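J.: Have a look at the structure that comes next, please.
The values are calculated or read from the model by the stated rules, or taken from the named source; none is laboratory data. These numbers come from a predicted model, not from an experiment. Glycine gets a Cβ as well: all are built from the backbone with ideal geometry, and neighbour counts include every protein chain shown. Areas reflect the complete protein model, heavy atoms only, side chains present, ligands, DNA and RNA absent. Shrake-Rupley method; radii C 1.70, N 1.55, O 1.52, S 1.80 Å.
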Amino acid sequence: MTNTKASSAAPSLGLLVLRVVVGAIFAAHGAQKIFEFTLPGTIGSFAGMGIPLPEIAAPVVAFVELVGGLLLMLGLFTRPVGILLAVDMIVALVAVHLPAGLWVGEGGYEFVAVLGAAALALAFTGAGRFSVDGAFLRGRAPAWLA
């Protein structure tokens, strides 16, 4: 028989794994937009995909993904960062990937859907206790922030 009142580390370990992996993927995609494709190249790509205001959207998306991914990995401001990254993926899904169908190999939405769902799940749950939020902000900051 298990004691359901005892605090288990397992949920926080699960959130740690999710945060680190998803955060690393977001950070890598943001870095790719900034350093590999360059911001002018990313702006051109966004313009070619029909994204409105690509001169603004491309740098915002690139930095939200890079910085947001790093913050997820640390577990810092996880809830608002999760919302920003989920919105980023919803826009990518609707504006670019949805018409191509499910499969990522054909430009589809499976990858952005999983990243968006993971980011939203982290926004709902928070970072867990193995995080900067858990160590320093919980109880000191509003629940929507930590």
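J.: Of the residues 67, 61, only one is open to solvent by less than 50 Å² (accessible area, probe 1.4 Å) and in contact (Cβ under 8 Å) with a residue 12 or more places away in the chain; which? Please lay out each step first, then the result.
T.: Working: 67 fails: open to solvent by less than 50 Å² (accessible area, probe 1.4 Å).
On inspection, the qualifying residue turns out to be 61.
J.: If I filter the range 31-41 for residues that are among the hydroxyl-bearing types (Ser, Thr, Tyr), out of contact with any Ser or Thr (no Cβ under 6 Å at 6 or more places or on another chain), at pLDDT 95 or above and at negative phi, do I get at least one hit?
T.: Taking the range 31-41 and keeping what is among the hydroxyl-bearing types (Ser, Thr, Tyr), we get 38.
If we keep only those that are out of contact with any Ser or Thr (no Cβ under 6 Å at 6 or more places or on another chain) too, we end up with 38.
Filter once more, keeping what is at pLDDT 95 or above: 38.
Now narrow it down to the ones that are at negative phi: none.
No - not one qualifying residue is present in the range 31-41.
J.: Let me ask something else about it. Can you find a residue in the range 129-137 that is modelled with pLDDT of 95 or more and outside any helix (DSSP H, G or I)?
T.: Yes, the conditions are met somewhere in the range 129-137.
J.: Restricting to the range 106-140, count the residues that are farther than 24 Å from residue 10 by Cα, open to solvent by less than 80 Å² (accessible area, probe 1.4 Å) and over 14 Å from the mean Cα position of the chain (by Cα).
T.: So the answer is 4.
J.: On to the next question. Please give the number of the condition residue 61 fails out of (1) under 21 Å from residue 14 (Cα atoms); (2) in contact with a Ser or Thr (Cβ under 9 Å, 6 or more places away or on another chain); (3) of a type outside the set (Lys, Arg).
T.: (1)
J.: Report yes if residue 47 is at pLDDT 95 or above, touching a helix residue (DSSP H, G or I) at 6+ places or on another chain (Cβ under 9 Å) and either under 16 Å from residue 21 (Cα atoms) or open to solvent by 80 Å² or more (accessible area, probe 1.4 Å) (or both), otherwise no.
T.: Working: at pLDDT 95 or above: yes; touching a helix residue (DSSP H, G or I) at 6+ places or on another chain (Cβ under 9 Å): yes; either under 16 Å from residue 21 (Cα atoms) or open to solvent by 80 Å² or more (accessible area, probe 1.4 Å) (or both): no.
So residue 47 fails the test.
J.: Please enumerate the residues belonging to the range 20-42 that are buried (at least 21 other Cβ atoms within 10 Å of the Cβ) and either in contact (Cβ under 8 Å) with a residue 60 or more places away in the chain or in contact with a Pro (Cβ under 6 Å, 6 or more places away or on another chain) (or both).
T.: 22, 26 - these are the residues of the range 20-42 that are buried (at least 21 other Cβ atoms within 10 Å of the Cβ) and either in contact (Cβ under 8 Å) with a residue 60 or more places away in the chain or in contact with a Pro (Cβ under 6 Å, 6 or more places away or on another chain) (or both).
J.: Continuing with the same structure: Of all residues being open to solvent by less than 10 Å² (accessible area, probe 1.4 Å) and assigned to a helix (DSSP H, G or I) in the range 70-88, which is farthest from residue 30 (Cα to Cα)? Just the residue, please.
T.: Restricting attention to the range 70-88, the residues satisfying the condition of being open to solvent by less than 10 Å² (accessible area, probe 1.4 Å) are 72, 75, 78, 82, 85-86.
Then keep just the ones that are assigned to a helix (DSSP H, G or I); that gives 72, 78, 82, 85-86.
Numbers: 72: 13, 78: 17, 82: 15, 85: 11, 86: 14 Å.
Filtering first and then ranking leaves 78.
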